[in-house]
Amino acid sequence: MKIVIKIGGSVSIDEKGPNFSYFSRLLPILREIKRKNQLIMVIGGGKLTRVYAKSIEKFSLSDEEREKVFISLISANVNCLAALLKMKPIFSLEKIKNNTTGVIGGVVPGRSTDANGAIAARKIKADLFIKMTNVNGVYDKDPNKFKDAKKIDQIHFSDLAKLAPKGKPNKYGVLDRLAVETLSAGRIRTVIINGKSPKNLLKVLEEKKIGTIIY
């Protein structure tokens, strides 16, 4: 199977960098998945980029200049994860072929790591795209702000596109609009799960009911 897994920085990267405890639980599972499948990993910036963003917000930097800084920070996460999984870091989506494996992060300003993962998934004609985030799936509104937010178990890409924000650095949402449109165009089965428990990855592969399925 061809699988693209996006590890949300919200569950894996704290203000000091990669969370050792989290990756200690995640890596054995990823290595097992990698052994049996063609795998591309995608990783975000997490709290590290948010802390950095706050520290440079008073500088007179353009949005593009700031995002180039964030991409550099995410590249450190890419190199770290690639080394841990014995995979190649990928810094250009143009290099992705049908049989590519590796680790992706930020690539160009103005595009989220989710969108980069979606583009990679479409280029390899992935069977499955999994997004690991800090909530249990897609909700009708932000569950971190609204206690009455309702989880959506299944949703069509066209309906999700209406909920998905266009996004901006550090505020792209569960899946931004470009990621949704790209996955939809490639007809790639997508599952959004709570990534705080790495074992949820195995539940997806076992086709157990978990998270939100996007079709």
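So the values come out like this:
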| read-out | value |
| --- | --- |
| Whole-Hz ³J(HN,Hα) from phi, Karplus 6.51 cos²θ - 1.76 cosθ + 1.60, for the range 153-158, glycine and proline x | 6, 9, 8, 7, 3, 5 |
| Length-normalised contact order of the range 2-214 in % [C-alpha pairs under 8 Å, at least 6 apart] | 23 percent |
| Rounded if a/c under 1.5, otherwise prolate or oblate - the range 14-56, Cα gyration tensor axes | oblate |
| Shape category assigned to the range 2-214 from the gyration tensor of Cα positions, a/c cut at 1.5 | rounded |
| For VAL135, distant residues with modelled amide H under 5 Å away | GLY195 |
| Dipole moment magnitude, nearest 20 debye, the chain about Cα centre, only Lys, Arg, Asp, Glu C-beta charged | 480 debye |
| Within the chain, longest stretch free of exposed trypsin sites (Lys or Arg not before Pro) [DSSP loop, at most 12 other beta carbons within 10 Å] | 17-57 |
| Calculated FRET efficiency for the pair GLU65/LYS145, C-beta based, R₀ 35 Å, to 0.05 | 0.70 |
| Within straight-line cross-link reach of LYS123, aspartates and glutamates at Cα separation under 18 Å, skipping those fewer than 8 residues along the same chain | GLU94, ASP114, GLU181 |
| Listed residue pairs exceeding 22 Å between alpha carbons, taken from LYS34/LYS86; LYS6/LYS199; LYS6/LYS88; LYS16/LYS68; LYS16/LYS97; LYS54/LYS88 | LYS16/LYS97; LYS54/LYS88 |
| Cα gyration tensor shape of the range 1-93, rounded if a/c is under 1.5, else prolate or oblate by comparing a/b with b/c | prolate |
| Hits among aspartates and glutamates - C-alpha to C-alpha of LYS209 under 12 Å, sequence gap 8 or more where chains match | ASP153 |
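No lab work stands behind these numbers, since they all come straight from the coordinates. All figures in this text were calculated on a predicted structure; none of them were measured in a lab. All Cβ positions, glycine included, derive from the backbone under ideal geometry; neighbour counts span all protein chains shown.
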